[in-house]
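The values are calculated or read from the model by the stated rules, or taken from the named source; none is laboratory data. Note that the structure is a prediction, hence the values are computed from the model and not measured. Note that each Cβ is placed from the backbone with ideal geometry, even for glycine, and that neighbours are counted across all protein chains shown.
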Amino acid sequence: MITPFQKGFLWGGAVAANQCEGAYQKDGKGLSLVDLLPDAAHGRWEALADPKLAFEGNYDFYPSHDSIDFYTHYKEDLALMAEMGFKTFRTSISWPRIFPNGDESEPNEAGLAFYDDLFAECVRLGMEPLVTINHFDTPVELMKKYNGWADRRLVDFYVNYSEVIFKRYKDKVKYWLTFNEINMILHLPFFGGGVDVSGADNPKQLTYQAAHHQLVASAKVTKLAHEINPDFKIGCMLAAGQTYPNTCAPEDVWQAVEKNRENYFFIDVQSRGEYPSYSKRFFEDNNIVLDIKAGDLEVLKAHPVDFVSFSYYSSRLTSADPAVNKETEGNVFATLKNPYLKASEWGWQIDPLGLRTTMNEVYDRYQKPLFVVENGLGAVDTPTETGEINDDYRIDYLEAHVREMGEAIKDGVECWGYTPWGCIDLVSAGSGEMKKRYGFIYVDRDNDGVGTLARSKKASFHWYKDVIATNGAKV
Ligand code: P53
């Protein structure tokens, strides 16, 4: 069978601890940022913009507290993923399960034991774990005491946490991602870095200082990882999606260059090992003066990542004209409406060819292997009376994206694998809803937390199983 996908291509799926595990206080787990957030209808976005609301909030319902209870159901869920033929499973370790407050020196053994079992089960089922060290779940105590990543001390706490998990899981986990969507800190500093910038004189100063701490932490643990196990592969993770110019006006084209740099900035540092040349002017223009400690630049330079991973849901569109440049709804990343594209029910514009463009851009820029670690369509699924879920819209979305990923590989891009987001339905990061579903596996639970938590297979389950079995040859 002719297929652009290499033998051993890592087909799989992705989740994150904070969005699926639930069990938010079980076995000694501390609270994380998302445990303070309600859903979008009850003030999620407001709390993300003004963290005081999250700390003081007394909401009726917190979607992350129980979520889909993956903590209890993981064996059943992994068995379904193995049935689809998954070669890899991406999840994250919950930082506050291992260090409930974040700044202890000794870890919580019960938290570590949970991931021993989880990763052992993955390995037993033939799935390579792909583990995000920090996915939007800064421990609450670190936010309260230190204002999150704004404080340099977070570097040491994160390095200590990473050392514990690297040593503990070194024979089971080979692929690691240091920070989920590291550029998120720019768009939502509280979500990405547990940083409250709401009272800051120069919020950008605070944000880029926090980013510097994450970048240094990422390089330090890359060093550590390679010392602990030279076979480890460490990746960065970008919320990707090429920004297009709204018109061919040179001003719009330049604006698009700047918007793309805004996001690539982080990966430029993690992948090339140094602050990009354009950052000097950007910092000057924005009155940003970074506090860079002795040795920081050396550690960045000496320990770049091994591969570049990213999420891709959509391309973006920008104009140089502020009057034109209004945000569309439903996007963390400001974008205009692209008249050539349709959008999901949440306003995310669907652009499969944009994945090929993005993959080529990223590969040209870094020349490192890529890993598409998130992609997918958030949609409302309505079971039929007999309980079937005919999610053809999801199959269409995924099929078109897999096809373009194949084209990018034919273009010469090296890509290790593909893990569509939310392979089992889970709580949405942006909206806190259950009804924004991505899964191949349906979970009976609604926005208010009502449901049996029963799992069932959607039509896309069978479609994806076939894609994997044929290594993408039929797409
Ligand atoms: P949801 C936007 C907003 C929040 C998180 O998003 C995002 C994005 C898109 O880049 O990033 C990732 O659940 C993230 C996942 C998240 C997924 O996109 O808002 O890594 O945690 O669930 C999808 O539909």
- Subset tally (residues that are polar (S, T, N, Q) and either surrounded by fewer than 19 Cβ atoms within 10 Å (Cβ to Cβ) or away from the ligand (no atom under 16 Å from the Cβ) (or both)) for the range 345-378: 3
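So that you can scan it fast, the table gives a plain yes or no per residue for (1) touching a Cys at 6+ places or on another chain (Cβ under 8 Å); (2) at positive phi; (3) at pLDDT 95 or above; (4) not basic (Lys, Arg):
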position: Pro4; (1), (2), (3), (4): no, no, yes, yes
position: Glu21; (1), (2), (3), (4): no, no, yes, yes
position: Asp35; (1), (2), (3), (4): no, no, yes, yes
position: Arg44; (1), (2), (3), (4): no, no, yes, no
position: Ala49; (1), (2), (3), (4): no, no, no, yes
position: Tyr59; (1), (2), (3), (4): no, no, yes, yes
position: Tyr62; (1), (2), (3), (4): no, no, yes, yes
position: Asp66; (1), (2), (3), (4): no, no, yes, yes
- Task: Scan (1) within 16 Å of the ligand (Cβ to nearest atom); (2) more than 22 Å from the chain's Cα centre (by Cα); (3) hydroxyl-bearing (Ser, Thr, Tyr) for the single condition Thr138 breaks and write down its number.
- Result: (2)
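Got a sec? Which of Ile395, Ile409, Ile441 is crowded, with 24+ Cβ neighbours inside 10 Å and at pLDDT 95 or above?
Ile441
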- Query: Can you tell me which residues in the range 243-290 are part of a helix (DSSP H, G or I) and of a type in the set (Gly, Ala, Ser)?
  - Reply: Ala256, Ser271, Ser279
- Can you name the residue in the range 224-263 that is of a type in the set (Lys, Arg) and away from the ligand (no atom under 16 Å from the Cβ) and is also surrounded by the most Cβ atoms within 10 Å (Cβ to Cβ) among such residues? Lys233
- Scanning the range 175-203 for residues that are more than 16 Å from the ligand (Cβ to nearest atom), among the charged types (D, E, K, R) and buried (at least 18 other Cβ atoms within 10 Å of the Cβ) gives Asp196
- Query: If you check Thr386 against the conditions, is it away from the ligand (no atom under 16 Å from the Cβ) and not in a helix (DSSP H, G or I)?
  - Reply: yes
- Item | Unique residue being in a loop (DSSP other than H, G, I, E, B), within 15 Å of the ligand (Cβ to nearest atom) and of a type in the set (Val, Ile, Thr) when the list is Val413, Val427 | Val427
- Restricting attention to the range 322-374, report how many residues are without any contact (Cβ under 8 Å) to a residue 24 or more places away in the chain and of a type in the set (D, E, K, R). 6
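Yes/no matrix, rows are residues, columns are (1) aliphatic (A, V, I, L, M); (2) over 17 Å from Pro276 (Cα atoms):
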position: Met184; (1), (2): yes, yes
position: Gly192; (1), (2): no, yes
position: Asp196; (1), (2): no, yes
position: Gly199; (1), (2): no, yes
position: Tyr208; (1), (2): no, no
position: His212; (1), (2): no, no
position: Ala219; (1), (2): yes, no
position: Ala225; (1), (2): yes, yes
- Task: Would you mention how many residues in the range 299-311 are buried (at least 23 other Cβ atoms within 10 Å of the Cβ) and touching a Gly at 6+ places or on another chain (Cβ under 6 Å)?
- Result: 3
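Mind telling me which of the residues Leu48, Leu118, Leu78 ends up being touching a residue at least 40 places away in the same chain (Cβ under 8 Å), over 21 Å from Asp196 (Cβ atoms), of a type in the set (A, V, I, L, M, F, W, C) and surrounded by fewer than 23 Cβ atoms within 10 Å (Cβ to Cβ)?
Leu78
Hey, which of the helices (runs of 4 or more DSSP H) in the range 1-120, taking only ones fully inside, have at least 2 residues that are within 22 Å of the chain's Cα centre (by Cα) and of a type in the set (S, T, N, Q)?
Answer list for the range 1-120: 17-20.
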